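So the structure is just underneath, and the comments pick up after that.
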Amino acid sequence: MTAIGIHDLELSTTHHVLGLTALAEFQGIDPNKYHIGLGQDEISMPAPDEDVVTMGASAALPIIARHGTEGIRTLLFATETGLDQSKAAGVWVHELLDLPSSVRVAEFKQACYAGTAALQAALGIVARNPAERVLIISSDVARYELGSPGEPTQGAGAVAMLVSAEPALVEIEPTSGVYTDDVDDFWRPNDSTTAVVDGRLSVRAYLDAVAGAWDDLAGRGGPDAESLSRMVYHQPFTKMAMKAHQHLTRHTGVDLGEGGLKTGSIYNRRLGNTYTASLYASLASLLDHEDDLAGSRIGMFSYGSGLVSELFTGIVQPGYNGSGRRERTEAMIEARVPLDVDTYRELHSKTLSSLQDVETPRVTKAPFRFAGIKDRARFYQRTGN
């Protein structure tokens, strides 16, 4: 059987950052409630000329530069920060990246799980024709009401992945466990710019899902828990990964140890919640900060509120950490421009309507920018950076 999986992976984030110490001090609470209680340190915040399209294109650009476009006939864009009820955000990315017209584009949506739905679709496409490659972009902006319990778990970022036969990073194994249930733990109505969340219910639903997905994986003859070298999780906040790991340890009866929780959370602590990109930002963080994973089996748990979840596994390939991604990602994170709380709140309060033409100010230093709205249509520009 031909090995299929993640051949390359790259991250991007926003121009701005808000430190959670500053937010806690503004709110008059102990900053450790966020740093320790949630396991979060910072929130990435988009500039007015940034959105999921610009972040997604910025993440995919270096992958295209390294590998070219030959064999890429599919671009799958996963997001719960939809920009249009009809047009896939990936179509704008297709134009910005100057991809061939012979590339199909589609958008996937199911809360934070959508990136994994795109990955599973990509694996099937490559299995049908191993000469093809699939470009996946998971890109989101997590946004909650000011003063709400969800506010410190906001964030923004994108992950681009190239899926191919004989992958250089991680071979995805064919058996996975799935768990779905109709739960109103988190959702965003069409007429709302912020999400609605029941935090306690969401935690319970997440833990039920990780156990249910594991049971389905085990029932389908998946790998034993003892064979897992590391686990990475979707992280609405990094402490959630710890809760899930402890729950899975109790559920399986196998001591999973620390299991990569610390190394798999380094990027997420600083980006905040990136929704569809979160699990794969965690995977990138793990691969970037551990040097001895070649040949190891990694468990990956994907969760999307509402809910759909999946637990699957992959084998890390030799030479997986030689791309310099860690240095690029750390430089990108450090380059973000800090916001004071007043400016952050002002940015947060601004929303755009397609009913009014607007030109956005030039702020981002990224390769692409959201330039504005004209005649109810969004338009984008290459910045030349």
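The values are calculated or read from the model by the stated rules, or taken from the named source; none is laboratory data. Predicted model, so just to flag it, every value in this text is computed and none were measured. Glycine also receives a Cβ, built like all others from the backbone with ideal geometry; neighbour counts cover every protein chain displayed.
When residues of the range 289-346 are filtered for being acidic (Asp, Glu), surrounded by fewer than 21 Cβ atoms within 10 Å (Cβ to Cβ) and within 17 Å of the chain's Cα centre (by Cα), how many remain?
So the first thing to find is which residues in the range 289-346 are acidic (Asp, Glu), and the list is 290-292, 310, 327, 330, 334, 340, 342, 346.
Then keep just the ones that are surrounded by fewer than 21 Cβ atoms within 10 Å (Cβ to Cβ); that gives 290-292, 327, 330, 334, 340, 342, 346.
So of that shortlist, the ones also within 17 Å of the chain's Cα centre (by Cα) come out as 330.
Number of matching residues: 1.
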Notebook entry, point to check: Within the range 309-316, is even one residue outside any loop (DSSP other than H, G, I, E, B), out of contact with any His (no Cβ under 6 Å at 6 or more places or on another chain) and under 30 Å from Phe26 (Cα atoms)?
Noted result: no
Notebook entry, point to check: Could you give every pair whose Cβ atoms fall below 8 Å, whose first residue belongs to the range 362-376 and is touching a residue at least 12 places away in the same chain (Cβ under 8 Å) and at positive phi, and whose second residue is β-branched (Val, Ile, Thr) and surrounded by fewer than 22 Cβ atoms within 10 Å (Cβ to Cβ), counting only separations of at least 6 or pairs across chains?
Noted result: Gly372/Val358; Gly372/Thr360
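Only one residue in Ser44, Ser58 is within 17 Å of the chain's Cα centre (by Cα), within 21 Å of His234 (Cα to Cα) and hydroxyl-bearing (Ser, Thr, Tyr), so which one is that? Explain how you work it out, then say what you get.
On the way: Ser58 fails: within 21 Å of His234 (Cα to Cα).
Of the residues listed, the single one that is within 17 Å of the chain's Cα centre (by Cα), within 21 Å of His234 (Cα to Cα) and hydroxyl-bearing (Ser, Thr, Tyr) is Ser44.
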Next item on the list: Among residues belonging to the range 1-37 that are in a strand (DSSP E or B) and among the acidic types (Asp, Glu), point out the one that is surrounded by the fewest Cβ atoms within 10 Å (Cβ to Cβ).
Entry: Asp8
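With the range 38-109 as the region, which strands (runs of 3 or more DSSP E) entirely inside it contain at least 3 residues that are within 29 Å of Leu20 (Cα to Cα) and at pLDDT 95 or above? Even if it seems obvious, please write down each step before you answer.
Values: elements: 42-45, 72-78, 104-108.
Of the strands (runs of 3 or more DSSP E) lying wholly inside the range 38-109, those with at least 3 residues that are within 29 Å of Leu20 (Cα to Cα) and at pLDDT 95 or above span 42-45.
Which of the residues belonging to the range 354-385 are in a loop (DSSP other than H, G, I, E, B) and more than 26 Å from the chain's Cα centre (by Cα)?
Kept after step one, since they are in a loop (DSSP other than H, G, I, E, B), are these residues of the range 354-385: 354-357, 360-367, 375-376, 383-385.
Result: Ser354, Leu355, Gln356, Asp357, Pro361, Asp375, Arg376.
Residue-wise test of (1) within 20 Å of Met55 (Cβ to Cβ); (2) in contact with a Phe, Trp or Tyr (Cβ under 6 Å, 6 or more places away or on another chain).
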residue	(1), (2)
Asn273	yes, no
Met300	no, yes
Glu310	no, no
Met332	yes, no
Arg345	no, no
His348	yes, no
Ser354	no, no
Val358	yes, no
Thr383	yes, no
Next item on the list: Among the residues of the range 347-385, write down those that are farther than 24 Å from Leu61 by Cα, of a type in the set (S, T, N, Q) and surrounded by 11 or more Cβ atoms within 10 Å (Cβ to Cβ).
Entry: Ser354
